């Protein structure tokens, strides 16, 4: 039996190779440049139109009875085209959000009010073009993936609500607009109508909690944050000491003075905070000449992943440092956002990162900005824009190779963002 198995094994492997080669040959796209000329055939409207032309030709030259089939096909085309168009003329829609911004991965409640002015119901209504960022899906299909509604009764207003989880950061609806469409009953023609949008939803970038602070972070005096390790005049009382020449009489502790029979003054906390500037600095260089459109697409995808990882790292730094009561500044190109200690400042910074266009150059090489720059600066950059020898650089690369040995933190796009926390904890105490 072992001999028979060894004899038949080469034949089976040869057959498997042949089947694989045949499958690859049958599924290969030999003329990708011609796709835009034949994708219209996916719409059944054009198939029926070709059938109408063919049946009319056969009826004119072969048998007049075939013209009855032509009339039937024309009726189907007319009904499938006119009914969706008429239905959308009596529909008006409004979409709104219960919240203004959400972190990445959390659901947001979306409400859609649909008003049907016609006495007849509308079937097959769906919301499209506003809640997806998939450019590939838009290019290969007639519409984006949307939310479908079975039926809207006649002369009524219906509210639909659902929990929307954004596929990526950004402002929704995409490009500030959304549409409803229907292709009932035959799917031959898609009639669309723009939806009135009330407000917008901002989805923040994905972040990871960084629970530590670098030991060399700069400290500076402010008016609303105090330290229990430094002596000052404004915070809680730390203790008492003997009176020194120049001390204010307002600081005299009279009970202790009467007990000790000498002037005793109180010591209070001093204003103190940690000031950190986060610099997002990545350059989008033009793509090199590539031999095939597929290789160019792969290059653009990798370049976009590096930029997105840079944005996620910068958002994690701002959110985590702000949570630890740091005075945070975010520098994006020539735009300086002072987060400070307020929640509103953090919202502005995270909104800017959420809506940042990755296709633009975000570099601070020649950026001019006002205000005193903190001595402690963390630069988040890509490999092409990294500066050798500069301290506290978080460099994001798209391969496993270490391209900058002087990088403070080196992060790979293949690594999950949660690994940044362990690396951050280590470098904070070096």
Final fewest-first order of 114, 174 on the 10 Å Cβ neighbour count is 174, 114
Scoring the stretch 90-203 by relative contact order with C-alpha pairs under 8 Å, at least six apart, yields a percentage of 36
Most exposed first, judged by fewest Cβ atoms within 10 angstrom, 240, 207, 182, 70 run 240, 70, 207, 182
Quick calc, residue 161 & residue 305: beta-carbon distance into FRET formula, R0 41 Å, rounding 0.05, result 0.75
Expected unfolding gain across residue 42-residue 100 under the 0.36 nm per residue rule, minus the alpha-carbon gap, is 17.0 nm
Placing each pseudo-label 7 Å from Cα in the direction of the beta carbon, residue 423 and residue 177 end up separated by a distance in nanometres of 4.2
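Run the numbers on the stretch 79-123 and let me know its relative contact order in percent, using alpha-carbon pairs under 8 Å that are six or more apart. Write out the running numbers ahead of the final one.
Working: 39 pairs, mean separation 18.4, N = 45.
41 percent.
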Plugging the Cβ-Cβ distance of residue 15 and residue 61 into 1/(1 + (r/R0)^6) at R0 = 56 Å yields, to the nearest 0.05, a FRET efficiency of 0.70
If the chain between residue 258 and residue 74 were fully extended at 0.36 nm per residue, the gain over the current Cα-Cα distance would be 55.4 nm
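Any read-out appearing in this document is the output of simple, stated calculations on the displayed coordinates, not a laboratory observation. Just so we're clear, the structure is a prediction, and the values are computed from it rather than from any experiment. Please note: Cβ atoms are built from the backbone with ideal geometry, for glycine as well, and neighbour counts cover all protein chains shown.
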